[in-house]
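The values are calculated or read from the model by the stated rules, or taken from the named source; none is laboratory data. Quick caveat, the model's predicted, so the values are computed rather than measured. Cβ placement follows ideal geometry from the backbone for every residue including glycine, while neighbour counts extend to all protein chains displayed.
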Amino acid sequence: MKIGELLGTGKTASVYRWGKSEAIKIFHDRMDDEREAHKEANKAAFVDSLGLRVPRFAGCVTYEGKTCLVYEAVKGPTMLSQIDATGPSVSCYARLMAELQFELHQVKVEASDNLKLYLSERIDNVEEITEADKHRINGMLAPLPEGNTVCHYDLHPGNIIMSPRGPILIDWMNVLIGCAAADAARTSMMIQSRSLPPQASGWLTNWELRELFHNEYITRYMEQSGFHRADLEEWMLPTLAARINELDGGERDEVVNKLLAKLKQE
């Protein structure tokens, strides 16, 4: 079988039509494709087993010498593309995203918390902060609550497909087990970023609407979860520090500067 039309592309892989009802994810780096594919396959199978709002995982295949992943092809636009540059539209979708995240956070599993270890390992590898500051941040992380909640850990409007059967959450490469507040803090951090995705337009270029989206999201999530802003804020320093090595250029600089400013406030 040959690949079909390009459905999407990212930093590490591209996704193409595969047959009539599936999609194939092909990694860019041939040296790492097998390792990355099997790592993602394990996560995809885990998520698929939980009955969540996710594309069905169909397994791995070899295409032109590369190990690739095959998923159900979910039809529909992303939430990101559906948001109009109006207050009511921004508010509606922000609240919906909070509700979807809260729904996900009702799923508990019999597995050990790995979110805090994930954060700590990434904090230790950041070059832009001193060893003393790494020690401080890990010291703030250590007493934070553990949990057995399924955390998407990359939830934003671009990772939600508005399909005919309802919203579907995609891109589960970062899935972790831990405290729900940590997952919400990560989403809060990402949607507060002033960096813009490629070809951004409409509401994304209007900072007032982006602030509205964040405020509506946080308000609705707290209404449902019972968390307070302080519960999310206490995760923010470790979350920012762990985010740095995922980025480059101006996006990386923005996160570094936010982190250093918060460290001065502590």
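Counting only residues that are touching a helix residue (DSSP H, G or I) at 6+ places or on another chain (Cβ under 6 Å), within 16 Å of residue 121 (Cα to Cα) and among the small types (Gly, Ala, Ser), the stretch 137-190 holds 2 of them. Residues of the stretch 222-251 that are free of Cβ contacts under 8 Å to residues at least 24 places away in the same chain and within 21 Å of residue 124 (Cβ to Cβ): 246, 247, 248.
Please go through the stretch 54-66 and pick out each residue that is more than 19 Å from the chain's Cα centre (by Cα) and touching a residue at least 40 places away in the same chain (Cβ under 8 Å). Hits for the stretch 54-66 are 63, 66. Filter the stretch 213-255 down to the residues that are modelled with pLDDT of 95 or more, exposed (fewer than 13 other Cβ atoms within 10 Å of the Cβ) and in a loop (DSSP other than H, G, I, E, B) and list them by number. Hits for the stretch 213-255 are 226, 228.
Table: residues versus (1) of a type in the set (Val, Ile, Thr); (2) touching a strand residue (DSSP E or B) at 6+ places or on another chain (Cβ under 6 Å); (3) closer than 19 Å to residue 180 by Cα.
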| site | (1), (2), (3) |
| --- | --- |
| 103 | no, no, yes |
| 107 | yes, yes, yes |
| 110 | no, no, yes |
| 120 | no, no, yes |
| 126 | yes, no, no |
| 132 | no, no, no |
| 158 | no, yes, no |
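For the stretch 11-23, does any single residue satisfy the condition of being at pLDDT 95 or above, within 20 Å of the chain's Cα centre (by Cα), among the basic types (Lys, Arg) and under 20 Å from residue 163 (Cβ atoms)? No, the stretch 11-23 contains no residue that is at pLDDT 95 or above, within 20 Å of the chain's Cα centre (by Cα), among the basic types (Lys, Arg) and under 20 Å from residue 163 (Cβ atoms). Would you call residue 48 farther than 23 Å from residue 167 by Cα and without any contact (Cβ under 8 Å) to a residue 12 or more places away in the chain? Spelling it out, it is not the case that residue 48 is farther than 23 Å from residue 167 by Cα and without any contact (Cβ under 8 Å) to a residue 12 or more places away in the chain. Can you pull out every residue in the stretch 62-90 that is in contact with a strand residue (DSSP E or B) (Cβ under 8 Å, 6 or more places away or on another chain), surrounded by 15 or more Cβ atoms within 10 Å (Cβ to Cβ) and of a type in the set (Val, Ile, Thr)? Residues satisfying the conditions are 67, 70, 74, 78.
Just to be sure before I move on: is residue 159 surrounded by fewer than 14 Cβ atoms within 10 Å (Cβ to Cβ) and in the same structural domain as residue 234 (by TED's automatic domain parsing) in the structure I sent? Against the criterion (surrounded by fewer than 14 Cβ atoms within 10 Å (Cβ to Cβ) and in the same structural domain as residue 234 (by TED's automatic domain parsing)), residue 159 does not qualify.
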